[in-house]
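Right, one structure below, let's go through it.
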Amino acid sequence: EQFLQEGPERTSDLRSVLPAMRSVFVTLLLVAVNILLFVYGDLIPDKRDALFSMGALSAELVFDKQEWYRLFTSMFLHISGEHIFNNMITLIFIGAYLERRLGHIRYLISGLLAGCTSIVYNVVIHSASTSVGASGAIYGLMGALILALIFHHDRQESPDLRQIIFMIFWIVYGSFAI
């Protein structure tokens, strides 16, 4: 009898979550794409070959073979479970807030622009190395978050002190964990 009484409440709780998920669908989509690509890459026995075949960043391949797509694809690839876990947790916390604050399109453009800027920097400055990961895009979004908190702190959906401390902790942890 108690189960039957809790049923409608559970349904209404689920319905209340769906609008919240729609408000951050770009963040959820980005996380899903990253996870799917990671799982797909993990199915290939040689991780290095998998990353290269999927679009890891290599200055030699970009400039010598004109594989320009690597400037984009490399930000969706990750080298390890810890790497993707740290990046996706950070993306969820920062991205969800920024997506609601900036809107879907401006948020997506901000993240992709930050990621591409980071990748261009990597390919020019660290041309001998291979690179993957969303860290550059995430650090760019962190910058956008800081700007939003400084210049728009009076808006209604600002994070509270606990959320800010948690984000800072996770950012610092994620920076040194990999």
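The values are calculated or read from the model by the stated rules, or taken from the named source; none is laboratory data. Remember, it's a predicted structure, so these values are computed and weren't measured experimentally. When we count neighbours, we look across all protein chains shown, and the Cβ atoms used for this are built from the backbone with ideal geometry, even at glycine. Surface areas here come from the heavy atoms of the whole protein model, side chains and all, with no ligands, DNA or RNA. Shrake-Rupley method; radii C 1.70, N 1.55, O 1.52, S 1.80 Å.
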Practice task
Would you check which residues across the range 98-126 are out of contact with any Ser or Thr (no Cβ under 9 Å at 6 or more places or on another chain) and among the hydroxyl-bearing types (Ser, Thr, Tyr) and list them?
Solution key: SER110, THR117, TYR121
Handout entry: Filter pass, THR73 being touching a helix residue (DSSP H, G or I) at 6+ places or on another chain (Cβ under 6 Å) and β-branched (Val, Ile, Thr)
Key = no
Handout entry: Count of the range 27-62 residues which are open to solvent by less than 30 Å² (accessible area, probe 1.4 Å) and under 30 Å from ARG101 (Cα atoms)
Key = 3
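A quick yes/no check of all residues on (1) open to solvent by less than 20 Å² (accessible area, probe 1.4 Å); (2) in contact with a Lys or Arg (Cβ under 9 Å, 6 or more places away or on another chain):
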residue: HIS78; (1), (2): yes, no
residue: HIS83; (1), (2): yes, no
residue: ASN86; (1), (2): yes, no
residue: ARG100; (1), (2): no, no
residue: TYR107; (1), (2): yes, yes
residue: GLY111; (1), (2): yes, no
residue: GLY115; (1), (2): yes, no
residue: SER127; (1), (2): no, no
Practice task
Go through the range 56-90 and give me each residue that's within 23 Å of ILE125 (Cα to Cα) and touching a Phe, Trp or Tyr at 6+ places or on another chain (Cβ under 6 Å).
Solution key: HIS78
Completion exercise
For VAL123, the lone unmet condition from (1) at pLDDT below 80; (2) among the hydrophobic types (A, V, I, L, M, F, W, C); (3) surrounded by 11 or more Cβ atoms within 10 Å (Cβ to Cβ) is (1)
Exercise for the section: Take the residues in the range 129-145 that are open to solvent by 30 Å² or more (accessible area, probe 1.4 Å) and β-branched (Val, Ile, Thr), then tell me which one is modelled with the highest pLDDT. Expected result: VAL132
Practice task
Check LYS65 against each of (1) under 21 Å from ARG106 (Cα atoms); (2) loosely packed, with under 15 Cβ neighbours inside 10 Å; (3) modelled with pLDDT of 85 or more; (4) not acidic (Asp, Glu) and name the one condition it does not meet.
Solution key: (1)
Exercise for the section: Enumerate the pairs (first residue in the range 34-45 and among the aliphatic types (A, V, I, L, M); second residue anywhere and surrounded by 14 or more Cβ atoms within 10 Å (Cβ to Cβ) and part of a loop (DSSP other than H, G, I, E, B)) with beta-carbon separation below 7 Å, excluding pairs fewer than 6 apart on the same chain, so at least 6 apart or on different chains. Expected result: LEU37/LEU77
Fill in the blank from the handout: Of the conditions (1) at pLDDT 90 or above; (2) open to solvent by 80 Å² or more (accessible area, probe 1.4 Å); (3) within 30 Å of ARG101 (Cβ to Cβ), the single one that MET21 does not satisfy is (1)
